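Worksheet: the structure to be examined is printed underneath.
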Amino acid sequence: MAKAYASAVIDAPIETVWKIIRDFNGLPKWHSAIARSEIEDGLSSHAVGCIRSFYLQDGAHVREQLLALSDNEHSLSYNFVKPAFPVTNYEAFIRLIAITDGGRTFAEWGATFDEAPEDAGKYVEIVSTHVFAAGLKDLQAHLAG
């Protein structure tokens with residue numbers, strides 16, 4: 001099983017960061033790779049089980065289902081319904097932890113998934129760097145203003 005991961009210190013209090021992250025339909029507001037998004041079937045963007053249908057800037061279509069959302073833990077998890085790349089058993093999480101010194105937030109974004117043998121390691125780098133790390137950098141920029 002492959003593991004992708006990125007983390008960052010965000011210069012904003014956890015409540016501010018969580019308000020943005022918990023909106024499962026909010027990716028286009030802060031992640032530069034996402035062109036547009038909608039929650040299917042008129043469900044709320046924080047309803048466990050809802051599916052976000054979104055388009056990347058290159059036109060690729062992705063669907064993901066919210067598996068868990070915890071306001072107490074400042075975390076959420078989701079999986080692919082229609083993947084962005086050829087992997088299986090994809091499950092991702094975003095988790096926030098308050099940094100009490102300075103009112104900042106530690107953010108981590110990770111996923112586990114299976115790759116085809118010929119792709120071993122290929123999507124770990126892509127997801128870790130171009131999705132998760134880039135997204136956390138975009139989030140920091142969004143919060144900075």
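Scan segment 108-134 for residues that are of a type in the set (Asp, Glu), more than 20 Å from Thr16 (Cβ to Cβ) and in a strand (DSSP E or B) and the total you get is 2. Cβ-Cβ contacts under 8 Å between residues 6 or more apart (or on different chains), taken from a first residue in segment 72-93 that is under 18 Å from Thr105 (Cα atoms) to a second residue that is in a strand (DSSP E or B) and polar (S, T, N, Q), are listed as Leu76/Ser70; Phe93/Ser75; Phe93/Ser77.
Take Thr105 and decide whether it is in a helix (DSSP H, G or I) and of a type in the set (Val, Ile, Thr). Against the criterion (in a helix (DSSP H, G or I) and of a type in the set (Val, Ile, Thr)), Thr105 does not qualify. Here is the figure for segment 1-26: residues that are part of a loop (DSSP other than H, G, I, E, B), among the small types (Gly, Ala, Ser) and either surrounded by fewer than 16 Cβ atoms within 10 Å (Cβ to Cβ) or more than 12 Å from the chain's Cα centre (by Cα) (or both) total 1.
Scanning segment 60-72 for residues that are surrounded by 12 or more Cβ atoms within 10 Å (Cβ to Cβ) and either charged (D, E, K, R) or more than 14 Å from Ile21 (Cβ to Cβ) (or both) yields Ala60, Val62, Arg63, Glu64, Gln65, Leu67.
Here Gly103, Gly42, Gly135, Gly145 are screened, and the one residue that is farther than 13 Å from Leu27 by Cβ, small (Gly, Ala, Ser) and in contact (Cβ under 8 Å) with a residue 12 or more places away in the chain is Gly103. Restricting attention to segment 27-59, the residues being buried (at least 17 other Cβ atoms within 10 Å of the Cβ), touching a Ser or Thr at 6+ places or on another chain (Cβ under 9 Å) and part of a loop (DSSP other than H, G, I, E, B) number 1.
From Ala92, Ala84, Ala144, which residue is within 21 Å of Met1 (Cα to Cα), of a type outside the set (Phe, Trp, Tyr) and modelled with pLDDT under 95?
Unique residue meeting the criteria: Ala84.
For segment 95-115, taking the residues that are among the polar types (S, T, N, Q) and more than 18 Å from Lys3 (Cβ to Cβ), the one that is farthest from the chain's Cα centre (by Cα) is identified as Thr100. Residues in segment 46-60 that are touching a helix residue (DSSP H, G or I) at 6+ places or on another chain (Cβ under 8 Å) and under 13 Å from Tyr78 (Cα atoms): Cys50, Ile51, Arg52, Ser53.
The values are calculated or read from the model by the stated rules, or taken from the named source; none is laboratory data. What you see is a predicted model; the values in this text were computed from it and never measured. Glycine gets a Cβ as well: all are built from the backbone with ideal geometry, and neighbour counts include every protein chain shown.
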